[in-house]
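The values are calculated or read from the model by the stated rules, or taken from the named source; none is laboratory data. This is a predicted model, so every value here is computed, not measured. Cβ placement follows ideal geometry from the backbone for every residue including glycine, while neighbour counts extend to all protein chains displayed.
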Amino acid sequence: MEGNGKAATRRTTRSIDFFRGFLRSPGDVGSIIPSSRFLERRIINTSEVASARTVVELGPGTGGTTRAILAAMPEDARLLTIELDPQFSTILEGFGDSRLIPHTGSAVDLADILAQHGLGAPDVVISGIPFSTMPREIGLAIIAAVRDNLAPGGRFVAYQFRGAVGRLGKEVIGEPAVELEVLNIPPMRFYTWQVEKSSAATG
């Protein structure tokens, strides 16, 4: 029961922090409500982080999805989170997991950020950032940065409740596979691209 109480307290704290982040920058936060455990489970399964060595999460927010990714990752894997809101990054710094590297900055600069932290090409990039509210050229630049920096055969998984990332991604990477997670508020679409080995960067 004590464990359940701690989990409930953590979820409440996440919700408050998430709402504060939404009020600070509503255009940069994908939803007013943190992700559900069903969404987190689908993120893990779709991104295949259990077999990854380097993972990048764009827009981790208060870290609910980050905790789920860390729990599923191998012990020798690394997780780089990229977040525009410095207060969210501060929350992640308190996780105390040596595999986690919180970074405050823009996903457009993915190549430089990977180099700054001594990381090679990621096996998977997971994105919860709201492509529907950002300028089109920024969205295209982020997706291009992901494409250009993924390891050969790497995966890009974006979960959104609007379809902007699917349309933008089609221009940059090609047609995505699409799934729907209805057990979340709001329901989320999952867009997945597997970058061809011949076109992926090698780091």
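Of these, Glu93, Glu83, which one is among the charged types (D, E, K, R), in contact with a Pro (Cβ under 7 Å, 6 or more places away or on another chain) and crowded, with 22+ Cβ neighbours inside 10 Å? Lay out the reasoning, then the answer.
On the way: Glu93 fails: crowded, with 22+ Cβ neighbours inside 10 Å.
Result: Glu83 is the single residue among Glu93, Glu83 that is among the charged types (D, E, K, R), in contact with a Pro (Cβ under 7 Å, 6 or more places away or on another chain) and crowded, with 22+ Cβ neighbours inside 10 Å.
May I ask you to list the residues in the stretch 107-128 that are modelled with pLDDT of 95 or more and in a loop (DSSP other than H, G, I, E, B)? Write out each step before concluding.
Let us first name the residues in the stretch 107-128 that are modelled with pLDDT of 95 or more, namely 107-127.
Scanning the stretch 107-128 gives His117, Gly118, Leu119, Gly120, Ala121, Pro122, Asp123.
Among the residues of the stretch 190-203 satisfying the criterion of being touching a helix residue (DSSP H, G or I) at 6+ places or on another chain (Cβ under 9 Å) and assigned to a loop (DSSP other than H, G, I, E, B), which is modelled with the highest pLDDT? Lay out the reasoning, then the answer.
Step one: filter the stretch 190-203 for residues touching a helix residue (DSSP H, G or I) at 6+ places or on another chain (Cβ under 9 Å), giving 190-193, 195, 199-201, 203.
Adding the requirement that they be assigned to a loop (DSSP other than H, G, I, E, B) leaves 195, 199-201, 203.
Numbers: Val195: 85, Ser199: 45, Ala200: 42, Ala201: 44, Gly203: 42.
My answer is Val195.
Within the stretch 33-48, does at least one residue satisfy the condition of being surrounded by fewer than 17 Cβ atoms within 10 Å (Cβ to Cβ), out of contact with any Pro (no Cβ under 7 Å at 6 or more places or on another chain), closer than 29 Å to Val182 by Cα and aliphatic (A, V, I, L, M)? Quick ask: steps written out before the conclusion?
Just the residues of the stretch 33-48 that are surrounded by fewer than 17 Cβ atoms within 10 Å (Cβ to Cβ), to begin with: 33, 36-38, 41, 45, 48.
If we keep only those that are out of contact with any Pro (no Cβ under 7 Å at 6 or more places or on another chain) as well, we get 33, 36-38, 41, 45, 48.
Narrowing further to those that are closer than 29 Å to Val182 by Cα: 33, 36-38, 41, 45, 48.
Still in the running and aliphatic (A, V, I, L, M): 33.
For the stretch 33-48, residues surrounded by fewer than 17 Cβ atoms within 10 Å (Cβ to Cβ), out of contact with any Pro (no Cβ under 7 Å at 6 or more places or on another chain), closer than 29 Å to Val182 by Cα and aliphatic (A, V, I, L, M): present.
I'd like the residue in the stretch 157-189 that is touching a Gly at 6+ places or on another chain (Cβ under 7 Å) and either without any contact (Cβ under 8 Å) to a residue 24 or more places away in the chain or part of a loop (DSSP other than H, G, I, E, B) (or both) and, out of all such residues, is nearest to Arg147 (Cα to Cα).
So, considering only residues that are touching a Gly at 6+ places or on another chain (Cβ under 7 Å) and either without any contact (Cβ under 8 Å) to a residue 24 or more places away in the chain or part of a loop (DSSP other than H, G, I, E, B) (or both), the one nearest to Arg147 (Cα to Cα) is Pro176.
Give the number of residues within the stretch 56-106 that are closer than 23 Å to Ala145 by Cα, modelled with pLDDT under 95 and either β-branched (Val, Ile, Thr) or not in a loop (DSSP other than H, G, I, E, B) (or both).
Of the residues in that region, 4 qualify.
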